[in-house]
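Q: Dropping a structure here in structure tokens format, bear with me for questions.
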């Protein structure tokens, strides 16, 4: 006798996907540029385009979303496979939270992975992104690219050294930072009421939720373009690759 219909599900669980989310609403005031630094030309094109190229080269990333300020006029044309969300906030954390909310509203599963990446880290490579995905895909928490601190770390008071800290367990956080959509959104929602105080990156939000992100060794070249002199270094690296 045929088994009951209930024993034969007509649908299977949706596959877990990876999404890339780039907060791109900052002004980049420390860069000393006449426009937001992510749009400053580097090696022949706006810096953010180099960042997007690396992410779009990773086949496991299903969607690439840019969170920009409302009224951002830069994106008159959008590269294939990229979505622009004009929901940027006053802070990076607010922009990421708004982007995650929009991603959930569009039908993404809370079980999906989100790789949040700084638009100004234009030297990240597809190989580094793939390495992070490989390390985190089966991890219960997720993780981030980071580097063991290479330099001696000092504490300053009044312009003088007050102490030297042990660097043996210190790491420099980078991006992408890869976490499940639902837990990351919930961790940021828990801090929204106090203006995301203490949230400097996605990992810090996950930490405040009581979890311990995985540290995945990255590259010293995956630095964040922040100051005027960083543009020349980024340009030299990009041109050396081409």
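The values are calculated or read from the model by the stated rules, or taken from the named source; none is laboratory data. What you are looking at is a predicted structure, and each value in this text was computed from that prediction instead of being measured. Note that we place each Cβ from the backbone using ideal geometry, even for glycine, and neighbour counts take in every protein chain shown.
Q: What do you reckon, is residue 150 at pLDDT below 95 and outside any strand (DSSP E or B)?
A: Here the answer is yes, as residue 150 does meet what is asked.
Q: Only residues in segment 229-242 that are at negative phi and in contact (Cβ under 8 Å) with a residue 12 or more places away in the chain count as the first member; pair them with residues that are surrounded by 14 or more Cβ atoms within 10 Å (Cβ to Cβ) and part of a helix (DSSP H, G or I), Cβ under 6 angstrom, at least 6 apart or cross-chain, and list the lot.
A: none
Q: Would you confirm whether or not segment 86-95 contains a residue that is assigned to a strand (DSSP E or B) and farther than 23 Å from residue 214 by Cα? Talk me through it step by step, then tell me what you get.
A: Filtering segment 86-95 for residues assigned to a strand (DSSP E or B) gives none.
Scanning segment 86-95, I find no residue that is assigned to a strand (DSSP E or B) and farther than 23 Å from residue 214 by Cα, so the answer is no.
Q: Only one of these is at pLDDT 95 or above and not in a helix (DSSP H, G or I): 139, 134, 130. Name it.
A: On inspection, the qualifying residue turns out to be 139.
Q: Sort through 103, 123, 145 and tell me the only one that's touching a helix residue (DSSP H, G or I) at 6+ places or on another chain (Cβ under 8 Å), closer than 30 Å to residue 42 by Cα and part of a loop (DSSP other than H, G, I, E, B).
A: 123
Q: Within 12 Å of the chain's Cα centre (by Cα) and in a loop (DSSP other than H, G, I, E, B): does that describe residue 110?
A: Details: within 12 Å of the chain's Cα centre (by Cα): no; in a loop (DSSP other than H, G, I, E, B): yes.
No.
Q: Scan segment 205-227 for residues that are touching a helix residue (DSSP H, G or I) at 6+ places or on another chain (Cβ under 9 Å), free of Cβ contacts under 8 Å to residues at least 40 places away in the same chain and under 18 Å from residue 139 (Cβ atoms) and report the count.
A: Total satisfying the criteria: 2.
Q: Looking for whichever is out of contact with any strand residue (DSSP E or B) (no Cβ under 6 Å at 6 or more places or on another chain) and either in a helix (DSSP H, G or I) or surrounded by 16 or more Cβ atoms within 10 Å (Cβ to Cβ) (or both) here; the options are 203, 189. Which one fits?
A: Exactly one residue qualifies, and that residue is 189.
Q: Checking the condition exposed (fewer than 15 other Cβ atoms within 10 Å of the Cβ) and within 18 Å of residue 58 (Cβ to Cβ), which residue from 130, 138, 166 passes?
A: Just one listed residue meets the conditions, 138.
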